[in-house]
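Read the structure below first, then the notes.
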Amino acid sequence: MFEQTFKNIDDILHKDAGCGSELDYVEQTSWVLFLKYLDDLEKDKQTAAELTGKTYTPIIAPEFQWNKWAAPKGADGKLDHHCALTGDDLSDFVNIQLFPYLKKFKVDAESANTIEYKIGEIFSELKNRVQSGYNLREVINRIDELRFRTHAEKHEMSHLYEDKIKNMGNAGRNGGEYYTPRPLIKTIIKVVAPQIGDKIYDGAVGSAGFLCEAFEYLKHSKGKHEHLTSKDTETLQKRTFYGKEKKSLAYIIGIMNMILHGVEAPNIIHTNTLAENLADIQEKDRYDVVLANPPFGGKERAEVQQNFPIKTGETASLFLQHFIKILKAGGKAGVVIKNTFLSNTDNASISLRKLLLQNCNLHTVLDLPGGTFTGAGVKTVVLFFEKGMATQKVWFYQLNLDRNLGKGNPLNENDLADFVELQKTKAESENSWTVDVQHIDQTTFDLSAKNPNKKEATALRSPQEILEEMKALDEESADILNSILELI
């Protein structure tokens, strides 16, 4: 049912002059979805308060509540068309009253990790792009059919929302910013193996895929027979997942994605991570785990580069410095980066490899094939490291698949199962090998993934053999032609 609803909403937005692409569809669906979610959340909190004899004070004032302007219901429980705003009346109410009201929450919120602050932040960043109030009315009616009350409903919604993000990634326009393949994320989390109580951070949070999957992983981390305690649940809700995101749309999608996965008030801040000076990061700001796929290839301005000891315009290299600095001693990381990071000969890349090898134990490098990221032509590697101890040996694994990856043939978890298994013992195989850091060039710190165990391709046949086969085929062809001529 939910899937059809999402398709219908896309069809409505496709007709609207204000929405030109998949990115707009997701953005506009997100804010309406968020307000419906908020309404269901408030109903649940009110019911819980009544059961314990307490009074619940709603977050949203009565005139701005969903059942007042978006979906007023009659006695029969159906939409009351006389009271429901539509056309220009609806557009004017949303643009002139609702959005300014919700924007004010940011100023009045007690702190940045409250749902009130998130409401204010989201509606400060967004505009209603649906130009026709009649189209907006149709979208609202469809979203009113959705329910966020049970675990199963939230689970289905989160899957569908992930699909929308994936489609958005496939739609181009830097889609990779929004979508890292989930099998890769799950594999990275398995190897990093966070625990309940760890503070987990993604400074380039995008659509929050890493944090959502880490939440799923930790929810089931105690095995089938042992449930999370209420203290564990509170820890996961409030003190585990942290993120930063620079772009407005990605920020909103990230928040919405985490909410749909079951994190009520995600600790995601809308800010440019790289605008922070590394020298200002103190022990209280540090995290136990970093999981991230920072944007590559971007160029940061000179004033942003001043925040970093190793100056470079390459965004991913600045992020890597940030991640190393913001990890606690003993902290663990899994970071996706362009494979050229391992071998680039510019001063910044050399200095950064040296910093990583001296300050951290880079224990594992996963070398991924081209096509892992749909629409992105770059080849990538995943760096797994722990802070606080210099690297002695690096275990490499080269993912060699017998097929080309692409939109219709994406990476799956099974592709990575061999890597996960071998990584436990850092075993040697046709696809894996170990490099002793003492044996690499101590001036360039080149870490190129050159697999010494890969079997050589079958040797080419000699020209003599090829010519003889051609001759034999020619003779066979002549025989067939002669047979045919005899029949005529």
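Say we look at region 105-114 and pick out the residues that are surrounded by 17 or more Cβ atoms within 10 Å (Cβ to Cβ) and not in a loop (DSSP other than H, G, I, E, B); which of these is modelled with the highest pLDDT?
Result: F105.
Restricting region 33-88 to residues that are small (G, A, S) and surrounded by 17 or more Cβ atoms within 10 Å (Cβ to Cβ), which is farthest from F123 (Cα to Cα)?
Of everything passing the filter in region 33-88, A84 is farthest from F123 (Cα to Cα).
Tell me which residues, restricted to region 304-335, are over 25 Å from I196 (Cβ atoms) and of a type in the set (A, V, I, L, M, F, W, C).
V304, F308, I310, A316, L318, F319, L320
Being of a type in the set (A, V, I, L, M, F, W, C), at pLDDT 90 or above and part of a helix (DSSP H, G or I) narrows it down to one residue among V420, V435; which is it?
Going through V420, V435 in turn, the sole match is V420.
Being of a type in the set (S, T, N, Q) and assigned to a helix (DSSP H, G or I) is the filter; apply it to region 120-164 and report the residue that is modelled with the lowest pLDDT.
By that ranking, first place goes to S158.
Looking at (1) modelled with pLDDT of 95 or more; (2) hydroxyl-bearing (S, T, Y); (3) over 27 Å from G262 (Cα atoms), can you tell me which one S21 breaks?
The one condition S21 does not meet is (1).
Just to be sure before I move on: is G77 modelled with pLDDT of 95 or more and more than 25 Å from Y251 (Cα to Cα) in the structure I sent?
Answer is no for this residue.
Looking at region 284-295, which of its residues are over 16 Å from G331 (Cα atoms) and either of a type in the set (K, R) or at pLDDT below 90 (or both)?
P295
Looking for whichever is in a helix (DSSP H, G or I) and not β-branched (V, I, T) here; the options are L90, L85. Which one fits?
Of the residues listed, the single one that is in a helix (DSSP H, G or I) and not β-branched (V, I, T) is L90.
Quick check: anything in region 408-416 outside any loop (DSSP other than H, G, I, E, B), assigned by TED's automatic domain parsing to the domain that holds G334 and modelled with pLDDT under 85?
yes
Note down all Cβ pairs under 7 Å where the first residue falls in region 200-221 and is assigned to a loop (DSSP other than H, G, I, E, B), the second is of a type in the set (V, I, T), and they're at least six residues apart or on different chains.
G203/T273; A204/T273; V205/I268; S207/I165; S207/I253; A208/I268; S221/I196
Yes or no, residue by residue, for (1) in contact with a strand residue (DSSP E or B) (Cβ under 6 Å, 6 or more places away or on another chain); (2) surrounded by 10 or more Cβ atoms within 10 Å (Cβ to Cβ):
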{"position": "F385", "(1), (2)": "yes, yes"}
{"position": "L416", "(1), (2)": "no, yes"}
{"position": "E421", "(1), (2)": "no, yes"}
{"position": "D441", "(1), (2)": "no, no"}
{"position": "A449", "(1), (2)": "yes, yes"}
{"position": "K455", "(1), (2)": "no, no"}
{"position": "E465", "(1), (2)": "no, yes"}
{"position": "E468", "(1), (2)": "no, yes"}
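With the requirement that a residue be of a type in the set (K, R) and either more than 35 Å from the chain's Cα centre (by Cα) or on the phi > 0 side of the Ramachandran plot (or both), what does region 42-67 give you?
K54
Looking at region 460-475, is at least one residue in contact with a Lys or Arg (Cβ under 7 Å, 6 or more places away or on another chain) and in a helix (DSSP H, G or I)?
No: region 460-475 contains no residue that is in contact with a Lys or Arg (Cβ under 7 Å, 6 or more places away or on another chain) and in a helix (DSSP H, G or I).
Scan I310, I326 and give me the residue that is in contact (Cβ under 8 Å) with a residue 24 or more places away in the chain and closer than 22 Å to R239 by Cβ.
I326
Considering only region 241-268, state which residues are of a type in the set (S, T, N, Q) and surrounded by fewer than 24 Cβ atoms within 10 Å (Cβ to Cβ).
Matches in region 241-268: S248, N267.
Looking only at residues in region 280-305 that are in contact (Cβ under 8 Å) with a residue 24 or more places away in the chain and over 22 Å from the mean Cα position of the chain (by Cα), which one is surrounded by the fewest Cβ atoms within 10 Å (Cβ to Cβ)?
Per the criteria, the residue is E283.
Pairs, please: C-beta under 8 Å, at least 6 apart or cross-chain, first residue of a type in the set (D, E) and in region 254-271, second surrounded by fewer than 23 Cβ atoms within 10 Å (Cβ to Cβ)?
E264/L41; E264/I115; E264/Q237
Specify which of the listed residues (T57, T47, T52, T86) is in contact (Cβ under 8 Å) with a residue 12 or more places away in the chain and among the β-branched types (V, I, T).
After applying the criteria, what remains is T86.
Going through T315, T271 one at a time, which residue ends up being among the hydroxyl-bearing types (S, T, Y), closer than 28 Å to E125 by Cα and either buried (at least 23 other Cβ atoms within 10 Å of the Cβ) or in contact with a Pro (Cβ under 6 Å, 6 or more places away or on another chain) (or both)?
T315
Anything in region 402-461 that is free of Cβ contacts under 8 Å to residues at least 60 places away in the same chain, hydrophobic (A, V, I, L, M, F, W, C) and more than 20 Å from F385 (Cβ to Cβ)? List them, or say none.
Across region 402-461, the qualifying residues are L405, A417, A457, A459, L460.
The values are calculated or read from the model by the stated rules, or taken from the named source; none is laboratory data. All values derive from a computational prediction rather than experimental measurement. Methodologically, a virtual Cβ is constructed for each residue, glycine included, from the backbone with ideal geometry; neighbour enumeration extends over all protein chains shown.
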